[in-house]
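Undergrad: Take a look at the following structure, please.
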Amino acid sequence: MKTLLNSLGEPNRWNIVELLKEGPLTVGEIARKLELPQPQVSKHLKVLSEAGIVAVHPIANRRVYQLNPEPFQELQEWIESYRQLWEERFDRLDDYLIKVQKHGEEDK
C-alpha cells in the first residue's frame, strides 16, 4: 500500500494515471499530452510499473501502457476498512452535538 501511495504522490505520475484512466497509451502519446520529455515519462512509467500500477504491452516497436486494476482495488479495500471507523466517530459527534444543542436550549 505504501509503495502505491508513494508512487501516486508525485504529480506527474498522478497525471499519467489520470490519462490512462481513459485507456491505454504509448509513451509518446503520454509525453505529448502532458508536454513532458519522453525520457522523463519513461522514468515515471518505470516507477508506476514497478509498483504494479501500470502494465506494459509491447506491440511491434511500441510499448503500450494501461492501468492495472488490482492496486486500486486494494486501495479501495484499505479505505473501506477506515470507513466504518469514521462513520462511528461521526455518529458519536452527531450525538454529542445534539446533546449540546438540547442543553443550550434548556438554558434559555
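Undergrad: Please verify whether L19 is modelled with pLDDT under 90, closer than 20 Å to L4 by Cα and either in the same structural domain as S7 (by TED's automatic domain parsing) or surrounded by 12 or more Cβ atoms within 10 Å (Cβ to Cβ) (or both), treating the condition exactly as stated.
TA: No, not satisfied.
Undergrad: Among the residues of segment 58-69, how many are over 18 Å from L4 (Cβ atoms), of a type outside the set (V, I, T) and either out of contact with any helix residue (DSSP H, G or I) (no Cβ under 9 Å at 6 or more places or on another chain) or part of a loop (DSSP other than H, G, I, E, B) (or both)?
TA: Qualifying residue count, segment 58-69: 3.
Undergrad: Let me ask something else. Picking from A31, A55, which residue would you name as being among the hydrophobic types (A, V, I, L, M, F, W, C), surrounded by 10 or more Cβ atoms within 10 Å (Cβ to Cβ) and part of a strand (DSSP E or B)?
TA: A55
Undergrad: Any residue that is modelled with pLDDT of 90 or more, part of a helix (DSSP H, G or I) and surrounded by 11 or more Cβ atoms within 10 Å (Cβ to Cβ) - is there at least one of those in segment 70-88?
TA: no
The values are calculated or read from the model by the stated rules, or taken from the named source; none is laboratory data. Keep in mind the model is a prediction, meaning the values are calculated, not measured. Note that we place each Cβ from the backbone using ideal geometry, even for glycine, and neighbour counts take in every protein chain shown.
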